[in-house]
Amino acid sequence: MHSNSYIITFVVIMTTVVAALLALLYTGLKETHDRNEAIYNKKEILTSIDPTADKMKDEEIEQIFNEKVQQFVLNASGEPVEGIMAEKVDMAKERKKDAADRKYPLYIYEDEGKTYYIVSARGSGLWDEIWGAIALEEDFKTIAGVAFGHKAETPGLGAEIKDSKDWKASFKGKMIYDETRDKYLTVRKGGAKDLTIEVDAISGSTITGDGVTNMIKAGMTPYFTYFSTLKGEKTGQLIETN
């Protein structure tokens, strides 16, 4: 039988070797991982305009971003921040900061004479975080398309915010806010009543739907403050809800 000291020495050596190997793997694969994550995020952003973007090759995504997408970063006051690309802003980390310290990515997509403004939102679903890219028309309030994601929503229920093409398509043409700017886009349980600013909730996923409503309202003020400078007029502010 081996002595206790032998066993302890063996365990320490094996632990050190395994830790070293894992560190080498992490270092060696980090560049590939970061690139794949960047491509995934870009696909998600473009999907808000073109639902087929998630089927595009990586090279196509990069080409579109290089040729048709401008990137900006805004601070909590809606002012452009220099020295950082929108794709480098981690919304999960930003959400953990104080509201006054957050940064907001903005993508301006131009194609065939049309311009779209793609904003990012992040909030809470039933089980964990949800997020979305919302593309706006040139009037800054009409939705051109959306793409949503989630961390742990229930398959067939809350997860449909990402998986259901029909549900995401129901946002197209809706308004972020009504003409009086007193009401904002709402995912309504029981069916939309005001067809200009409401969409039907997904059956059985009320909390996730409410999360989508809240996240679209939350943190949008910086975008609309910035848009007001582009329009040269005041646009109304959305309410920070989380």
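The values are calculated or read from the model by the stated rules, or taken from the named source; none is laboratory data. What you see is a predicted model; the values in this text were computed from it and never measured. Heads up, the Cβs are rebuilt from the backbone with ideal geometry, glycines too, and the neighbour counts pull from every protein chain shown. The protein model used for the area step is the full one, side chains on, heavy atoms only, and it has no ligands, DNA or RNA in it. Shrake-Rupley method; radii C 1.70, N 1.55, O 1.52, S 1.80 Å.
What residue among GLY149, VAL69, LEU136 has its Cα farthest toward the positive end of the dipole of region 64-201, where the charges are +1 on Lys, Arg and -1 on Asp, Glu, each on the Cβ?
The residue sitting farthest along the positive end of the dipole is GLY149.
So, R0 is 45 Å and r is the distance between the beta-carbons of THR142 and ILE84; what FRET efficiency does that work out to, to 0.05?
Approximately 0.95, to the nearest 0.05.
Using percent of Cα pairs over 24 Å apart as the read-out, say which of [x] 51; [y] 42; [z] 47 was calculated from these coordinates.
[x]
Checking understanding here: applying a Kyte-Doolittle mean of at least -1.0 and a length along the axis of at least 24 Å (C-alpha), which whole DSSP H helices in the chain pass?
Helices meeting the criterion: 4-47.
Hey, got the dipole for the chain? About the Cα centre, +1 on K and R Cβ, -1 on D and E Cβ, debye to the nearest 20?
Roughly 560 debye, rounded to the nearest 20.
Please state, rounded to one decimal and in Å, the Kirkwood hydrodynamic radius that region 86-216 gives when every pair of distinct Cα atoms enters the mean of 1/r.
When all Cα pairs of region 86-216 are included, the Kirkwood radius is 15.2 Å.
Enter the accessible area per residue of the chain (Å², integer; probe 1.4 Å; all protein chains in place).
Using a 1.4 Å probe on heavy atoms only, each residue of the chain averages 57 Å².
What does the highest-first list of 8-16, 36-44 look like by mean Cβ count within 10 Å?
36-44, 8-16
Please find the FRET efficiency linking LYS68 to ALA19, where r is the Cβ-Cβ separation and R0 is fixed at 35 Å, and quote it to the nearest 0.05.
0.20
What nm value, rounded to one decimal, do you get for the distance between SER77 and THR180 when each label is placed 7 Å out toward the C-beta?
3.3
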